[in-house]
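First comes the structure, then the notes that go with it.
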Amino acid sequence: MVKLTLKDGSVRECEAGTPASEVIKGIGMGLYKAACCVKLNGKVCDMRTPVTEDCEFEVCTFDSEDGRKTYWHTTAHICAQAVKRIYPDVKLSIGPSIDSGFYYDFDTEKPFTAEDLEKFEAEMKKIIKESLEITRFELPPEEAVKKLEDMGEPYKVELCKEHADKGEAISFYQQGEFIDLCAGPHMPGTGSIKAIKLTNCTGAYWRGDSKGKQLSRIYGISFPKASQLEEHLKMLEEAKLRDHNKIGREQGYFTTVDYIGQGLPIMMPKGAKVLQLLQRWVEDIEEKDGCQITKTPFFAKSDLYKISGHWDHYRDGMFIMGDKADQDDETKECFALRPMTCPFQYQVFLYKNRSYRELPIRLTETSTLFRNEDSGEMHGLIRVRQFTISEGHYIVTPAQLKDEFRRALNLAKYCLDTVGLLEDCTFRFSQWDPANPKNKYEGTPEQWEQSQAAMKEILDELGVEYTIGIDEAAFYGPKLDVQYRNVFGKEDTIVTIQIDMLLAKRFGMEYVDADNTKKNPIIIHRTSLGCYERTLAYLLEKYAGALPLWMMPEQVRIIPVTDRALEYARDVEKKMSDFNLRVSVDDRSEGVGYKIRQGKMEKIPYLFIVGDKEVEEGTVSLNSRSKGDLGAMKTDDAIDKIVRETLSKTRD
């Protein structure tokens, strides 16, 4: 008999080799019907997996992340089976679950159409109705490769050969006539899936490489109940209305131009003003927090990146200047645009000999960075190739690490809270993967264990609730990533704080300690508000274009009712401008009602309507974006109200 410790702490016993599904049935049939997969000692497994030893036993339903991923992964296989039934000659690529459902990539002669999606969805419903059992089997590496070659699946062959090098058995899943190379886990059968929807079809590159084969990607979603699907589709329609790509372009915050290039947005006056306001505010906050600002070059010789390790670990993501043949020619100078600021700021520390009494040194910069993102990854302002970031590096002693990490985290939380994003953020402790096959990381296992243990201790002491992301660390150290989801559920990092115990040594950064010995400092890489363009995108989505008063590019619009009131409106405008408020006068020869409607459509926080009566009484008639008609108010009182709300950074 083996003992199973359940999530509530209770213990159950079963015969060794009992399938997890039978254990769940013993707990309760209601739980079995809702189950998607199980965790055995923290490892996600099929419900068909036999329990062979004492373990912690956790049942994952659709309400859990692992349960949803299993459910959506199975739906991806059903999608692939449906496509193969209709177009037998397509080649299968990959079909993972993602945060917002699943996708599957196919190599096909011509891109799929909306009509194709309807056919595929109908066939998927047939497969679900067939209630096919899903089974798992394994083959030795050589047999697995041979089977996939016989199936005519070149992409699967490539993936299989990579895993075959490890000498481990290769797993497959089968449902009816459909077989797929897959690690799992999966639901017991196709009948377990209930409500489905294929949502989109786009192009994608094999392995995300723009030089690779272009594939057709199908996105989809599924739920255990039709009502959940309906609710989700309704949410997607609402999300489209809040999409920063729609709002930002319609309201004139930014635009893009094909012949300039993907990921290179043009910030129009409204967008540029918001970025300027955020940058100046953050720079002032950082200065008050003891930071020193720097200004460093936008590009450098490859020598700098070779010292830092970016040349070895990040070159594919950099924009190299000059001929490609010169990149590895030691006799020729090769320059590259910077993808980060850290090695540049280190030169400030290296400018002179340092004593422990000078530490911590907190260096910050509003940095313009350049990263060669794949074209398939481009999305509005969220993922771009040139962006501006509130970057900083704290150079500290080991004794200062905890307090300075806390300081960096508090600064980031303050900034995110002030703009209204913190409440929707989550935290991820991004760690290295010692088994990473691409040799992504610098340093020894001992150094990584030391830095990760230090970060864990700090995060636990600060009471930060976080998830763990394996293989999400920077190549030089672990990170605390502050994560945010856009309106469509896609998650990206908005702020990061990293502990680096490696690069100081590579650059020869030393300080003389109290015992008169030279030591390498620890470096905290951090952002306070992250990428400004990405932040603007999230703000436009969160507030549906109605940004808080203090960051709106136009805070007040004055609408004169008569020609006589125009001069008065100009005087009010001048008064408000003297208080650094952003105000305009709508002097167009249009009706007052039209101007008011236009102001509301543009999300202007306050409209001041002035006519002959307001001129005589020295007042303005206030119309608030959030509260409607506020009636007449003395002009000076109205200005004071706007000033106070701006300084306090209140939100509607």
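The values are calculated or read from the model by the stated rules, or taken from the named source; none is laboratory data. On a predicted model such as this, the values are computed, not experimentally measured, just so you know. So basically every Cβ, Gly included, is an ideal-geometry build from the backbone, and we count neighbours across all protein chains shown. Quick note on the areas: whole protein, heavy atoms, side chains included, nothing else; ligands and nucleic acids left out. Shrake-Rupley method; radii C 1.70, N 1.55, O 1.52, S 1.80 Å.
The simple Förster model, with R0 at 51 Å and r as the Cβ-Cβ distance, assigns LYS126 and ASP312 a FRET efficiency of 0.50. Neighbours of GLN386, meaning other residues whose beta-carbon lies under 13 angstrom from its beta-carbon, give a summed charge of +3 when Lys and Arg score +1 and Asp and Glu score -1. Dividing the convex hull volume of the alpha-carbon atoms in the stretch 610-652 by its residue count gives 58 Å³ per residue. A cut-off of 5 Å between modelled amide H atoms, ignoring neighbours fewer than 5 places along the same chain, links ILE94 with ASP105. In the chain, helices alone account for a calculated mean residue ellipticity at 222 nm of -11000 deg cm²/dmol, with every DSSP H run of four or more residues adding -39,500 (n - 2.57).
Solvent exposure of MET633, expressed as accessible area, is near 50 Å², computed with a probe of 1.4 Å over the protein chains only. Take the Cβ atoms of ASN200 and GLU158, set R0 to 22 Å, and the FRET efficiency comes out at 0.25. Modelled spin-label separation between ILE98 and ASP563, with each label point placed 7 Å from Cα along the Cα-to-Cβ direction: 5.9 nm. The structure-derived value of semi-axes √(5λ) of the Cα gyration tensor in Å appears in the list (1) 50, 36, 34; (2) 48, 36, 26; (3) 51, 33, 22 under the label (2). Extending 7 Å from the Cα toward the beta-carbon at both LYS519 and GLN279 defines two label points whose distance is 3.8 nm.
A simple spin-label model places pseudo-atoms 7 Å from Cα toward Cβ; at ILE260 and LYS43 they are separated by 5.2 nm. Per-residue surface analysis assigns LEU409 an accessible area of about 10 Å², computed on protein heavy atoms at 1.4 Å probe radius.
The stretch 238-279 and the stretch 195-224 have their alpha-carbon centroids 26 Å apart.
The stretch between VAL512 and LYS352, if pulled fully straight at 0.36 nm per residue, gains 56.4 nm over its current Cα-Cα span. With θ set to phi - 60° and the Karplus curve 6.51 cos²θ - 1.76 cosθ + 1.60, what are the ³J(HN,Hα) couplings of the stretch 634-648 in order, to the nearest whole Hz, using x for Gly and Pro? Result, rounded to whole Hz: 3, 4, 4, 5, 5, 5, 4, 4, 5, 4, 5, 5, 5, 5, 7.
When the charge dipole of the chain is built from unit charges on Cβ atoms (+1 for Lys and Arg, -1 for Asp and Glu) and taken about the Cα centre, the candidate among THR49, GLY545, PHE507 whose Cα reaches farthest toward its positive end is GLY545.
The Cα center of the stretch 369-401 and the Cα center of the stretch 31-79 differ in position by 36 Å. Rounded, prolate or oblate: pick one for the stretch 531-626, where a ≥ b ≥ c are the square roots of the eigenvalues of its C-alpha gyration tensor, a/c under 1.5 means rounded, and failing that, prolate if a/b is larger than b/c, else oblate. Prolate. Residues whose amide H comes within less than 5 Å of that of THR199, counting only those at least five positions distant or on another chain, are TYR219, GLY220, ILE221 (H built at 1.01 Å from N in the peptide plane).
Segment LYS25..VAL643, full-extension length gain: 216.0 nm, with 0.36 nm per residue of separation and the alpha-carbon distance subtracted. If you take all other residues with their beta carbon under 10 Å from the beta carbon of CYS182, and give Lys and Arg +1 and Asp and Glu -1, the sum is +1. Taking the empirical scaling 2.2 N^0.38 Å for compact globular proteins as reference, the stretch 139-184 has a Cα radius of gyration ratio of 1.03. Within the assembled protein chains, the solvent-accessible surface assigned to ILE86 is about 60 Å², based on a 1.4 Å probe.
In the stretch 594-652, taking the dipole from charged Cβ atoms about the Cα centre, the farthest positive-side position among GLN598, ILE609, SER621 is held by GLN598. Computed 3J(HN,Hα) for the stretch 466-481, one whole-Hz value per residue from the Karplus formula 6.51 cos²θ - 1.76 cosθ + 1.60 where θ = phi - 60°, is 9, 9, 9, x, 6, 6, 10, 6, 6, 5, 10, x, x, 9, 9, 9, glycine and proline marked x. When the alpha carbon gyration tensor of the stretch 363-488 is reduced to an equivalent ellipsoid, its three semi-axes come out at 24, 21, 16 angstrom, largest first. Counting only Cβ charges, +1 for Lys and Arg and -1 for Asp and Glu, the dipole size of the stretch 493-554 around its Cα centre is about 200 debye.
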